[in-house]
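Notes follow once the structure below has been shown.
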Amino acid sequence: MARLLEVQGLSAYYGSIQALFEIDFTLDEGSVTAILGANGAGKTTTLRALCRTVHTTGSVRFDGQELAGKPTESIVRLGVAHVPDGRGTFTGLSVEENLRLGAITRRDRAGVAEDFEKTYARFPRLRERRHQQAGTLSGGEQQMLAISRALMLRPRLLLLDEPSFGLAPLVVAEIFRIMRSINREDRVSMLLVEQNASLALDLADHAYLLETGRVAMSGPSEQVRADESVRHAYLGR
């Protein structure tokens, strides 16, 4: 597979506080890569650094293009969509209005209409609630909407921050099943930040473990899963 994302020496800062320390990682086109770690390890900061919403140093290349110095909106137009922690839906807007905002940079009306139908086929509950305000949806429905809004961009890379957080196990299982189908059928690459290491490793091809802003381990998901320290600290075994 072709290399889609290449990160070298990436550091990130909140004011004078350094949160990432020269991390390196890669992601191949069409693959799913997981970033694991405890609270405060730097997982969310990594996604923010890729979108340039925090101060960074180092190199981030997306499909061969250097992202350093590019504003966030330019990175979005290149095909990078971010589903932040807390879902980030526009709670005062309807489901349909949220989805239309996801496609705001697109001019292919027929393609947008096709993606609306694809979204409603994947998430029938969103079709049922398409005129309902996003803030009145359940947590699971809001997560479905957040993922769907990002997909309306037709991204090449989807950044997902804790998609299972606060959701019931059955809802989580449904969302991860659909994420797998999106990756396999639409070939959308994914960078997944997730505290539920077992779920993340089931979905991902490759994984990186962050500890206090540094890469402590990396490898194919099955190799990371088999590591004794990972099994003890993150898989409860």
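The numbers here are math on the coordinates, done by the rules we state, and not lab data. Given the structure is predicted, the values throughout are model-derived calculations rather than measurements. With ideal geometry, Cβ positions are generated from the backbone for all residues, glycine too; neighbour counts draw on all protein chains shown.
For an R0 of 22 angstrom, estimate the FRET efficiency from the Cβ-Cβ distance between Asp202 and Thr53 and round to the nearest 0.05.
FRET efficiency, Asp202 to Thr53: 0.15.
This ranking places Phe165, Phe116, Phe123 by how few other beta-carbon atoms lie within 10 Å of each, fewest first, which gives Phe165, Phe116, Phe123.
Could you work out the local net charge near Ile175, counting Lys and Arg as +1, Asp and Glu as -1, over the other residues with Cβ closer than 12 Å to its Cβ? Summing Lys/Arg as +1 and Asp/Glu as -1 gives +1. With both labels modelled 7 Å from their Cα along Cα-to-Cβ, the Leu235 to Glu22 distance reads 3.2 nm.
Expected output is a single nm value to one decimal: the length gained when fully extending between Glu211 and Glu29, i.e. 0.36 nm times separation in residues minus the C-alpha distance. What is it?
Values: separation 182, 0.36 × 182 = 65.52 nm, distance 2.58 nm.
Additional length available on full extension: 62.9 nm.
Over every Cα atom in the chain, the radius of gyration and the widest Cα-Cα span, Dmax, amount to 17.4, 51 Å. Each Cα pair under 8 Å and six or more residues apart adds its separation to the average, and for the range 1-100 the resulting relative contact order is 28 percent. Were the residues from Glu228 through Phe165 laid out at 0.36 nm apart, the gain over their Cα-Cα distance would be 20.2 nm. With a cut-off of 20 Å, note down the residues of the range 100-136 whose backbone N falls inside the zone around a label point 7 Å from the Cα of Glu174 toward its beta carbon. Inside the label zone: 116-136. What number do you get for the range 1-68 when its Cα radius of gyration is normalised by 2.2 N^0.38 Å, N = residues? The value comes to 1.09.
A crude spin-label estimate for the pair Arg106 and Arg61, with each label 7 Å from Cα along the Cβ direction, gives 3.0 nm.
For the range 76-86, backbone phi angles converted through the Karplus equation (6.51, -1.76, 1.60; θ = phi - 60°) give residue-by-residue couplings of 4, 5, 6, x, 10, 10, 10, 9, x, 5, x Hz, Gly and Pro being listed as x.
Could you tell me the calculated FRET efficiency between Glu185 and Phe90, based on Cβ-Cβ distance and R0 = 35 angstrom, to the nearest 0.05? Walk me through the numbers before you get to the answer.
Working: r = 28 Å, r/R0 = 0.79.
The calculated FRET efficiency here is 0.80.
Under 11 Å from the 7 Å Cα→Cβ point of Glu6, by amide nitrogen: which residues of the range 49-79? Only 60-66 pass the distance filter.
Under the definition of Cα pairs under 8 Å and six or more residues apart, what whole-number percent is the relative contact order of the chain? Walk me through the numbers before you get to the answer.
Numbers: 430 pairs, mean separation 64.2, N = 237.
It rounds to 27 percent for the chain.
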